[in-house]
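The values are calculated or read from the model by the stated rules, or taken from the named source; none is laboratory data. This one's a predicted model, so the numbers in the text were calculated from it and none came from an experiment. Cβ placement follows ideal geometry from the backbone for every residue including glycine, while neighbour counts extend to all protein chains displayed.
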Amino acid sequence: MTTEAKNKPKVAFFDFTSCEGCQLNKLNLENDLLDILEHVDIVEFREAMDDKAEEYDIAFIEGSISTPSCVERIHDIRRRAKMLIALGACATQGGINAMKNLQPIEEVREAVYGDEKYRFPTLPAMPVSAIVKVDYKIDGCPMSMPEFLKVLKSLLAGQEPIKPDSAVCVECKLKENECVFDKGMVCLGPITRGGCDAICPSFGQFCTGCRGLISNPNKNAMLEILTEHGISLDEAKKRILLFNSYDHSQSMPK
Amino acid sequence: MKKYQLNKKQLPSFIDHLKKQGTVFAPHKKGDASYSFAKVVESDSVILEYNRTLNSIKKYFLPPRELLLSYSRKDNSYKKGTIGKEKKIFLGVHSYDMKAVLKLDYNFTEGNPEENYLLRRRNSSFIGVSFIPDEFHFSQSVGMPVHDTDGFDIYLEKNDDGYTVKIITEKGEKLIKEFNGLCDALDISSNHIQFQNKLKYNYNRLPEVFEQSWNAEVWEEVAKRCVGCGTCNLVCPTCYCFDVEDNMDLSLQNGTRDRSWDGCMLNDFAAVAGGENFRKSLADRQRHRIFRKFRYITYITGEPWCVGCGRCTAYCTAGISIVDIVNQLCDEYEQKYLNRPVEQSGLNLEGL
């Protein structure tokens, strides 16, 4: 089943409102990059090359949608892509960009652009899926490299990628990490979607919820856990909303 | 039963003696305030006075992640993972964790014997150690006293000078045979262990409670505080559910079939093709978790499948206590079905 050069899937990478860290992250897959190139043709990748293409088998999108021109551009990419995959927290869930949605949009615009604000039209920050159909999401800030490889391999082999839907706690327990709550920290691991191999708690850091929440987050109970462990209710909500404003600010308990 | 005295300062040389006979696994410090079983490299880093380890020794027989087989799509072949035959000596095991292994033995031999578990389980010796129950331990309340030696080859009972070494089996006798440092057992009393009963009912009475507990209100109440992180499942020494996943390498030709621990509190656990999930709510999942410990297997074996290690409670960030759940079920049972205080009804046998 070797992929012949002529029918290798055409893959492209695009960035929207983001730090471009997820794209950079892929270039860090040094050991696997050549193997990946055995299977795919990268036809557009601004972070790494100059070429452009007309259509794509897989378009990977980094960044959130936050301006009218983003909307236009993502529609254009979607039209030309057979499959579209959101990469990283900004693209999958709006990410930290969506924190701006919690403030009046005009105030935010003024704070950022000052007197020039009329030259920069802006929208509330949105995940890609708010505008176009997204086929798969690879979560994380930056996106998880093992998950990226897993999804890519599944797609190349013609299989449906499996989306993890259990908490980061699971991976901590499999690795027999001491709970960071027991180190005196507060952690969003109990309701954050795993699949990152609990990378932050494994290095003694608490989970900030960058991969989004599991599909049935019990936010009331999580707020209770956080406040029981010594932070204020207000702080607890802010922690949950850091990466999850777009999906969860409306449903956050009062 | 033969008894000896092992003084505290002899412990490292005793461990060195064990190391000559096999790979020794024992509790070590982990993180800021936790303990974990690990292979002994430095004998003096072993800690025998500990409250509980993060995971039980289950992890050596049913590893958290395990390669089942590697496959090749090129020629449709596969090769099973290899499992070492080395002799394993587990030192410093608490009685409840030993009991948990015996329960897993049952689970993995009844019906279809589970090859990987049984292969890993062979050539194992167990040296128990006494412990002082903390706020979370309730093993005695489910029928497993601190000094229960069932399953052990040797048992170390803490006393003021060190340990009373009790030889339980022939295997234990062999392990200790050529170790010269032992004296005759001293006539000193072992440290007195106070154990406060934590369950409202004797564990023998729990089956009658659980028979009536399917619709208890406790499940919804617990679910309000639960986030479904699965910690309680994963740290449980008698939970054995797993998931199996194929992982291809980048050649798209070769890959591995891997198995890892799973838990019934997690979203995908009871999800099936077509999008159905047999236990959608956290209340249903909590009930299932607790019924797995006190009803389903208990109904067949007559024993509680919870060993009272207290891990699910100690490591629950939401502070959900399995003891509280069981006691609340007892309360609810009394109110609904006995309709009077248990002290009276328990003795009311006149009509029989």
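Restricting attention to segment B:255-278, and to residues there that are free of Cβ contacts under 8 Å to residues at least 40 places away in the same chain and of a type in the set (Asp, Glu), which single residue is farthest from the other protein chains (Cβ to nearest Cβ)?
B:GLU276
Scanning for something in a loop (DSSP other than H, G, I, E, B), within 13 Å of another protein chain (Cβ to nearest Cβ) and of a type in the set (A, V, I, L, M, F, W, C), does segment A:235-242 turn up at least one residue? Break it down stepwise before answering.
From segment A:235-242, those in a loop (DSSP other than H, G, I, E, B) are none; that's our starting set.
Checking segment A:235-242: not a single residue is in a loop (DSSP other than H, G, I, E, B), within 13 Å of another protein chain (Cβ to nearest Cβ) and of a type in the set (A, V, I, L, M, F, W, C).
Any residue that is touching a helix residue (DSSP H, G or I) at 6+ places or on another chain (Cβ under 8 Å), away from chain B (no Cβ under 13 Å), in a helix (DSSP H, G or I) and more than 20 Å from B:ALA271 (Cα to Cα) - is there at least one of those in segment A:188-197?
No, segment A:188-197 contains no residue that is touching a helix residue (DSSP H, G or I) at 6+ places or on another chain (Cβ under 8 Å), away from chain B (no Cβ under 13 Å), in a helix (DSSP H, G or I) and more than 20 Å from B:ALA271 (Cα to Cα).
Name the one entry in A:GLU55, A:GLU106, A:GLU62, A:GLU110 that is more than 14 Å from chain B (Cβ to nearest Cβ) and under 17 Å from A:THR17 (Cα atoms).
Residue meeting the stated conditions: A:GLU62.
So which residues in segment A:204-234 are part of a loop (DSSP other than H, G, I, E, B), free of Cβ contacts under 8 Å to residues at least 24 places away in the same chain and more than 14 Å from chain B (Cβ to nearest Cβ), if there are any at all?
Answer for segment A:204-234, where residues must be part of a loop (DSSP other than H, G, I, E, B), free of Cβ contacts under 8 Å to residues at least 24 places away in the same chain and more than 14 Å from chain B (Cβ to nearest Cβ): just A:SER232.
Among the residues of segment B:1-42, write down those that are part of a loop (DSSP other than H, G, I, E, B) and surrounded by fewer than 20 Cβ atoms within 10 Å (Cβ to Cβ). So that I can check it myself, show each step before the final result.
Going through segment B:1-42, the residues part of a loop (DSSP other than H, G, I, E, B) turn out to be B:1, B:20-22, B:31-33, B:40-42.
Within segment B:1-42, B:MET1, B:LYS20, B:GLN21, B:GLY22, B:GLY31, B:ASP32, B:ALA33, B:VAL41, B:GLU42 meet the criteria.
So if I check each of B:SER56, B:SER70, which one is crowded, with 18+ Cβ neighbours inside 10 Å and either within 14 Å of chain A (Cβ to nearest Cβ) or polar (S, T, N, Q) (or both)?
Working: B:SER70 fails: crowded, with 18+ Cβ neighbours inside 10 Å.
Criteria check complete, one pass: B:SER56.
Report those helices (runs of 4 or more DSSP H) wholly inside segment B:172-254 carrying at least 2 residues which are away from chain A (no Cβ under 14 Å), of a type in the set (Gly, Ala, Ser) and in contact with a Pro (Cβ under 6 Å, 6 or more places away or on another chain).
On the way: elements: B:206-210, B:218-225, B:231-234.
Result: empty, no element qualifies.
Whether any residue in segment B:79-89 is crowded, with 16+ Cβ neighbours inside 10 Å, under 19 Å from the mean Cα position of the chain (by Cα) and in contact (Cβ under 8 Å) with a residue 12 or more places away in the chain is what I want to check.
Taking every residue of segment B:79-89 in turn, at least one turns out to be crowded, with 16+ Cβ neighbours inside 10 Å, under 19 Å from the mean Cα position of the chain (by Cα) and in contact (Cβ under 8 Å) with a residue 12 or more places away in the chain.
For segment B:145-158, check the following and say yes or no: at least one residue is assigned to a helix (DSSP H, G or I), in contact (Cβ under 8 Å) with a residue 40 or more places away in the chain and either in contact with a Leu (Cβ under 7 Å, 6 or more places away or on another chain) or not aliphatic (A, V, I, L, M) (or both).
To start, the set of residues in segment B:145-158 that are assigned to a helix (DSSP H, G or I) comprises none.
Scanning segment B:145-158, I find no residue that is assigned to a helix (DSSP H, G or I), in contact (Cβ under 8 Å) with a residue 40 or more places away in the chain and either in contact with a Leu (Cβ under 7 Å, 6 or more places away or on another chain) or not aliphatic (A, V, I, L, M) (or both), so the answer is no.
Which ones in segment B:32-51 are at pLDDT 95 or above, under 20 Å from B:PRO133 (Cα atoms) and within 14 Å of chain A (Cβ to nearest Cβ)?
Across segment B:32-51, the qualifying residues are B:SER34, B:TYR35, B:SER36, B:PHE37, B:TYR50, B:ASN51.
Got at least one residue in segment A:29-43 being at pLDDT 85 or above, assigned to a strand (DSSP E or B) and within 28 Å of A:ASP247 (Cα to Cα)?
no
Examine segment B:286-308 for a residue that is within 14 Å of chain A (Cβ to nearest Cβ), out of contact with any strand residue (DSSP E or B) (no Cβ under 9 Å at 6 or more places or on another chain) and either modelled with pLDDT of 95 or more or surrounded by 14 or more Cβ atoms within 10 Å (Cβ to Cβ) (or both), and state whether such a residue exists.
Within segment B:286-308 (the criterion being within 14 Å of chain A (Cβ to nearest Cβ), out of contact with any strand residue (DSSP E or B) (no Cβ under 9 Å at 6 or more places or on another chain) and either modelled with pLDDT of 95 or more or surrounded by 14 or more Cβ atoms within 10 Å (Cβ to Cβ) (or both)), the answer is yes, since at least one residue qualifies.
Collect the residues in segment B:269-285 that are in a loop (DSSP other than H, G, I, E, B) and over 15 Å from A:ILE214 (Cα atoms), keeping them in residue-number order.
Looking only at segment B:269-285, we keep the residues that are in a loop (DSSP other than H, G, I, E, B), and these are B:269-270, B:272-276, B:278-281.
If the condition is that a residue be in a loop (DSSP other than H, G, I, E, B) and over 15 Å from A:ILE214 (Cα atoms), then B:ALA270, B:VAL272, B:ALA273, B:GLY274, B:GLY275, B:GLU276, B:PHE278, B:ARG279 are the ones that fit.
Find the residue count for segment B:107-139, including only residues that are assigned to a helix (DSSP H, G or I) and either charged (D, E, K, R) or buried (at least 22 other Cβ atoms within 10 Å of the Cβ) (or both).
4
Only one of (1) farther than 30 Å from B:PRO12 by Cα; (2) exposed (fewer than 15 other Cβ atoms within 10 Å of the Cβ); (3) at pLDDT below 95 fails for B:HIS192. Which number is that?
Of (1) farther than 30 Å from B:PRO12 by Cα; (2) exposed (fewer than 15 other Cβ atoms within 10 Å of the Cβ); (3) at pLDDT below 95, only one is false for B:HIS192: (1).
So, of the residues in segment A:195-234 that are over 16 Å from the mean Cα position of the chain (by Cα), surrounded by fewer than 18 Cβ atoms within 10 Å (Cβ to Cβ) and charged (D, E, K, R), which turns out to be farthest from B:GLY230 (Cα to Cα)?
A:ASP234
As an exercise: evaluate A:ILE65 against (1) in contact with a strand residue (DSSP E or B) (Cβ under 9 Å, 6 or more places away or on another chain); (2) of a type outside the set (D, E, K, R); (3) modelled with pLDDT under 95 and give the number of the one condition it does not meet.
(3)
Could you tell me which residue of segment A:159-187 is farthest from A:LYS219 (Cα to Cα), considering only residues that are surrounded by 19 or more Cβ atoms within 10 Å (Cβ to Cβ) and more than 7 Å from chain B (Cβ to nearest Cβ)?
Only one residue fits best here, namely A:ASN177.
Test each condition in (1) more than 13 Å from chain A (Cβ to nearest Cβ); (2) surrounded by fewer than 21 Cβ atoms within 10 Å (Cβ to Cβ); (3) on the phi > 0 side of the Ramachandran plot for B:GLY92 and report the one that comes out false.
Unmet condition: (2).
Tell me, please, whether a residue that is in a loop (DSSP other than H, G, I, E, B) and at positive phi can be found in segment A:100-115.
No, that holds for no residue.
Among the listed residues A:ALA86, A:ALA59, A:ALA12, A:ALA81, which satisfies the condition of being touching a Ser or Thr at 6+ places or on another chain (Cβ under 6 Å) and either under 24 Å from A:ALA98 (Cβ atoms) or at pLDDT 80 or above (or both)?
Only one candidate passes the filter, namely A:ALA86.
If you scan segment B:220-232, which residues turn out to be over 13 Å from A:PRO190 (Cβ atoms) and either buried (at least 22 other Cβ atoms within 10 Å of the Cβ) or at pLDDT below 95 (or both)?
Listed by number, the list holds a single entry, B:VAL222.
Looking at (1) within 22 Å of B:ASP160 (Cα to Cα); (2) surrounded by fewer than 21 Cβ atoms within 10 Å (Cβ to Cβ), which is the only condition B:PRO64 fails?
(1)
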